[in-house]
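Encoded as structure tokens, here's the structure I'll be asking about.
The values are calculated or read from the model by the stated rules, or taken from the named source; none is laboratory data. Note that this is a predicted model, so its numbers are computed, not measured. Note that each Cβ is placed from the backbone with ideal geometry, even for glycine, and that neighbours are counted across all protein chains shown. Side chains are part of the model used for accessible areas, which takes the heavy atoms of the whole protein and leaves out ligands, DNA and RNA. Shrake-Rupley method; radii C 1.70, N 1.55, O 1.52, S 1.80 Å.
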Amino acid sequence: MEHSISFIDRKATASQQHALPAGAEWRVDSIAALFELPFNDLLFRAQQVHRANFDANTVQLSTLLSIKTGGCEEDCGYCPQSAHHDTGLKADKLMALDDVLAAAQAAKDHGATRFCMGAAWRSPKERHLEPVIEMVRGVKALGLETCVTLGMLEAEQAQRLADAGLDYYNHNLDSAPEFYDKIITTRTYQDRLDTLGHVRDAGLHVCCGGIVGMGESRLERAGLIAQLANLDPYPESVPINNLVQVEGTPLAGTEPLDPFEFVRTIAVARITMPKSMVRLSAGREQMDEALQSLCFLAGANSIFYGDRLLTTANPQAAKDRALLERLGMRSDA
Ligand code: SAM
Ligand code: DTB
Ligand code: SF4
């Protein structure tokens, strides 16, 4: 089997195995050992896994839109949209359907194949779910794949979104369980796992990843990947975000992650989740093109495409098209 690497399969300590399900396929120490490989060996393995499962020169393009910005009641330490942090961001109400559809059409015209709508909510209120469902129907009718990220969901809410034809639900685990309390206090790791269970049970595709560069250790990065890879089944889509530091958030001023460590994280995600779309997500605006190319070599095969993420900058679409062209890569459109 691809991941039976006996020489690194040492016994993990109890704390490393924290909260992994019994019979978990991936042990934290096996994943940590992947991180420890010489860089070239790790990238070679990741490329092998990548090529066994995908066309290595194709990148999927997802465009993000913040349909409800700011004023969020959660206290996520990285997030500019939390009402707990003073980042100068103006809170907005839920966008109107026509404006969302115009943005989706523009994304399609620029070559995106998936449109992801994000809302700064702890969880969607009843009065908000129906308008979002209308957005999902409308975006889908334009011929785009649909994804929403609305916070925690009840089983019945997930089912209603699935019934409306939603393709993906994004809900991130964000960090290893042992690091989680340092960044969020207003909801638990288990809350997130519960939402992911509801999303999976409703038959939706799961988009679930995390953030690195928050001051976590390498072992904690391995712990995050272990959680993701041991979801049964593992997520179809895995966004790996590099922290975008926003002034006014508690995590602003964190020591930035070594860029090669970010590439390693992508490679380890690729090896442990061979058939997932691994998305090189937030943080590209702060990376140069050589670093992004290394991420593609490590097995990233999806990006957020469009000039904005939710509230922060992303590379200009024309710049991304030029990069893909220079690399001889194409989009999945
Ligand atoms: N409110 C919903 C939730 O938290 O599930 C949906 C939107 S939330 C902004 C989606 C994800 O964006 C978070 O889980 C986090 O992984 C990512 N994110 C937020 N702020 C970020 C930042 N400054 N840098 C990198 N990723 C970030
Ligand atoms: C994900 O993992 N990253 C996206 C998407 N899912 C919703 C969000 C990134 C947000 C970066 C900070 C901002 O622009 O507000
Ligand atoms: Fe709210 Fe989501 Fe930001 Fe957390 S990550 S503060 S839940 S918008």
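Residues are listed down the side, and each one gets a yes or a no for (1) over 13 Å from LEU43 (Cα atoms); (2) among the small types (Gly, Ala, Ser); (3) free of Cβ contacts under 8 Å to residues at least 40 places away in the same chain; (4) open to solvent by 10 Å² or more (accessible area, probe 1.4 Å):
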{"residue": "VAL246", "(1), (2), (3), (4)": "yes, no, no, yes"}
{"residue": "ALA252", "(1), (2), (3), (4)": "yes, yes, yes, yes"}
{"residue": "PHE260", "(1), (2), (3), (4)": "no, no, no, yes"}
{"residue": "ARG270", "(1), (2), (3), (4)": "no, no, no, no"}
{"residue": "GLU289", "(1), (2), (3), (4)": "yes, no, yes, yes"}
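Report, by residue number, each residue of region 277-333 that is under 25 Å from CYS79 (Cβ atoms) and in a strand (DSSP E or B).
MET277, VAL278, ARG279, LEU280, SER302, ILE303, PHE304, ARG308, ALA313
Here's a follow-up. Please identify the pairs in which a residue from region 102-129 that is in contact (Cβ under 8 Å) with a residue 24 or more places away in the chain has its Cβ atom under 9 Å from the Cβ atom of a residue that is assigned to a strand (DSSP E or B) and away from ligand 2 (no atom under 16 Å from the Cβ), counting only partners at least 6 apart or on another chain.
GLY111/SER331; ALA112/SER331; THR113/SER331
Mind counting the residues in region 235-244 that are away from ligand 3 (no atom under 16 Å from the Cβ), part of a loop (DSSP other than H, G, I, E, B) and in contact (Cβ under 8 Å) with a residue 60 or more places away in the chain? It would help to see each step written out before you state the result.
To start, the set of residues in region 235-244 that are away from ligand 3 (no atom under 16 Å from the Cβ) comprises 235-238.
Among the residues that remain, those that are also part of a loop (DSSP other than H, G, I, E, B) are: 235-236.
Those left that are additionally in contact (Cβ under 8 Å) with a residue 60 or more places away in the chain: 236.
The number of residues fulfilling the criteria is 1.
Name the residue that is nearest to ligand 2 (Cβ to nearest atom), counting only residues in region 272-287 that are open to solvent by 10 Å² or more (accessible area, probe 1.4 Å) and over 18 Å from GLY213 (Cα atoms).
In the first step, residues of region 272-287 are kept if they are open to solvent by 10 Å² or more (accessible area, probe 1.4 Å); the result is 274-275, 277, 282, 285-287.
Subsequent filtering for residues that are over 18 Å from GLY213 (Cα atoms) retains 274-275, 277.
On the way: PRO274: 20, LYS275: 19, MET277: 12 Å.
Result: MET277.
Scanning region 144-154 for residues that are farther than 18 Å from MET95 by Cα and in contact with a helix residue (DSSP H, G or I) (Cβ under 7 Å, 6 or more places away or on another chain), which turns out nearest to ligand 1 (Cβ to nearest atom)?
The first filter runs over region 144-154 and keeps only residues farther than 18 Å from MET95 by Cα, leaving 144-145, 152-154.
The next check asks that each one be in contact with a helix residue (DSSP H, G or I) (Cβ under 7 Å, 6 or more places away or on another chain); those that pass are 144, 152-154.
Working: LEU144: 19, MET152: 7, LEU153: 10, GLU154: 14 Å.
For region 144-154, the residue satisfying everything is MET152.
Considering only residues of region 62-101 that are closer than 27 Å to CYS295 by Cβ and in contact with a helix residue (DSSP H, G or I) (Cβ under 8 Å, 6 or more places away or on another chain), which is surrounded by the fewest Cβ atoms within 10 Å (Cβ to Cβ)?
The residue in question is LEU65.
Could you count how many residues in region 117-149 are within 19 Å of LEU196 (Cβ to Cβ), within 16 Å of ligand 3 (Cβ to nearest atom) and in contact with a Leu (Cβ under 8 Å, 6 or more places away or on another chain)?
Within region 117-149, residues that are within 19 Å of LEU196 (Cβ to Cβ), within 16 Å of ligand 3 (Cβ to nearest atom) and in contact with a Leu (Cβ under 8 Å, 6 or more places away or on another chain) number 9.
Could you check region 125-143 and list, in sequence order, the residues that are open to solvent by 10 Å² or more (accessible area, probe 1.4 Å) and closer than 20 Å to ASP99 by Cα?
So the first thing to find is which residues in region 125-143 are open to solvent by 10 Å² or more (accessible area, probe 1.4 Å), and the list is 125-128, 130-131, 134, 137-138, 140-143.
Within region 125-143, ARG127, HIS128, GLU130, PRO131, GLU134, ARG137, GLY138, LYS140, ALA141, LEU142, GLY143 meet the criteria.
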